[in-house]
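Note sheet for the following structure.
The values are calculated or read from the model by the stated rules, or taken from the named source; none is laboratory data. Since we're looking at a predicted model, the values are computed, not measured. Glycine also receives a Cβ, built like all others from the backbone with ideal geometry; neighbour counts cover every protein chain displayed. Heavy atoms of the whole protein, side chains included, go into the accessibility calculation; ligands, DNA and RNA do not. Shrake-Rupley method; radii C 1.70, N 1.55, O 1.52, S 1.80 Å.
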Amino acid sequence: MEDCLAKKMEITVSEAEKRTGRNAMNIQETYTAYLIETRAVESQSEGQCAPVESLWRRYSEFELLRNYLSVTYPHIVVPPLPEKRADFVWHKLAADNMDPDFVERRRIGLENFLLRVASHPVLCQDKIFYAFLTQEGGWKEMVNETGFQLKADSRLKALNATFRVKNPDKRFTELKHYSDELQSVISHLLRVRARVADRLYGVYKVHGNYGRVFSEWSAIEKEMGDGLQSAGHHMDVYAASIDDILEEEEHYADQLKEYLFYAEALRAVCRKHELMQYDLEMAAQDLTSKKQQCEELATGTVRTFSLKGMTSKLFGQETPEQREAKIKVLEEQIQEGEEQLKSKNLEGRDFVKSAWADIERFKEQKNHDLKEALISYAVMQISMCKKGIQVWTNAKECFSKM
């Protein structure tokens, strides 16, 4: 971790800007661009003020970067991006992806994504990632030249592997189930939180009625008027405070959403392992089949029914020369198949070793982050309740002085 980019460079997404331009279909569109600023830390430690380098990136470019990282490093739980459109929102919160509050939270999420990558012991060393931070022109061409799209596994192939792997690794199967359950639990938690926010908003805003009633009442009371007016003021302040409270809550919700999306990153690692296991099993099956064919040709016996065997019986046997030529070809294919199988076995073992090391790193990070987020959320709720108690305490004092 001492060599990670986050230790050498300050990275911030400092600003979001609404822009209008034309897309690939030459259709005018409105989008948000984000200003990435970087500053070298080393020159600061030497007493010099390092210049700030800055460039603008669209959300789609962040998506391109993450897709590249996911394909290039399939054994790594790649940090997720913040949501493109607001989800799990309570009814007073705008779901529009151009809403200023949502754009601000997404700006924070994008900065967090860059810091996650910059702090990762492997991802931080990637040249494409460094170019994303420092090279505005020609970056997309540089990514496309890597040919990472050709390495991406198709959804159909991944689905096929899921159902046809004969000997799945128990650890990855359990991890896949865990990621499903984690996503389900966090989704439910976010839905509950949205419902509570709706109700809480209603309760706070109804307190504004106290303020209106006390204010009207104070107008007809001479001795009690000042006390009622003051109590009404406290109620108005209380009712107005819910907007800031729930906006702060959204930042804690975003921290939970990050791990909602991390669950998919975990499943991506599991799917890649399934694909590798499936390819390994297919290679082993093909090698066994070729060895059997070679043995049948050498001994002249057919162990299993085949159309080829029936054809030879109907139209005559092959000559010894033809049989020898076929045996030679099969022997070459068997030798090549054994080398491929050995290579796939080695690749699979390396993948499991690297993936499991990164999964352990992720688990440690997850436990720390979720614990911190939930404690902070609890502290915020306690603080909010204390403010409510203080409002009613103030109101009580107003009533006592009447």
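A few remarks follow.
- When residues of the stretch 167-195 are limited to those that are in contact with a helix residue (DSSP H, G or I) (Cβ under 7 Å, 6 or more places away or on another chain) and within 26 Å of E249 (Cβ to Cβ), the one most open to solvent (accessible area, probe 1.4 Å): L189
- Within the stretch 349-366, the set of residues being open to solvent by 10 Å² or more (accessible area, probe 1.4 Å) and of a type in the set (A, V, I, L, M, F, W, C) comprises F351, V352, W356, A357.
- R85 vs. criteria over 19 Å from S354 (Cβ atoms), surrounded by fewer than 17 Cβ atoms within 10 Å (Cβ to Cβ) and either under 19 Å from the mean Cα position of the chain (by Cα) or modelled with pLDDT of 90 or more (or both): yes
- Residue match in the stretch 196-215 (condition: open to solvent by 40 Å² or more (accessible area, probe 1.4 Å), closer than 30 Å to R116 by Cβ and not aromatic (F, W, Y)): yes
- A395 being surrounded by fewer than 13 Cβ atoms within 10 Å (Cβ to Cβ) and more than 17 Å from the chain's Cα centre (by Cα): no
- Matching residues, the stretch 145-161, being part of a helix (DSSP H, G or I), hydrophobic (A, V, I, L, M, F, W, C) and within 24 Å of D126 (Cα to Cα): F148, L150
- Pairs with Cβ under 8 Å, 6+ apart, first in the stretch 144-168 and hydroxyl-bearing (S, T, Y), second modelled with pLDDT of 85 or more and surrounded by 15 or more Cβ atoms within 10 Å (Cβ to Cβ): T146/Y68; T146/T72; T146/I128; T162/R271; T162/E274
- Scanning the stretch 141-163 for residues that are surrounded by fewer than 12 Cβ atoms within 10 Å (Cβ to Cβ) and farther than 27 Å from F362 by Cβ turns up E141, E145, G147, L150, L156.
- Failed criterion for S43 (all others in (1) modelled with pLDDT of 80 or more; (2) outside any strand (DSSP E or B) hold): (1)
- Annotation for the stretch 108-129: at least one member residue is open to solvent by 10 Å² or more (accessible area, probe 1.4 Å), hydroxyl-bearing (S, T, Y), in contact (Cβ under 8 Å) with a residue 24 or more places away in the chain and part of a helix (DSSP H, G or I).
- Residue identified as out of contact with any Lys or Arg (no Cβ under 6 Å at 6 or more places or on another chain), surrounded by fewer than 18 Cβ atoms within 10 Å (Cβ to Cβ) and modelled with pLDDT of 90 or more among E247, E264: E264
- Test result for D254, in a helix (DSSP H, G or I), under 30 Å from A355 (Cβ atoms) and modelled with pLDDT of 90 or more: yes
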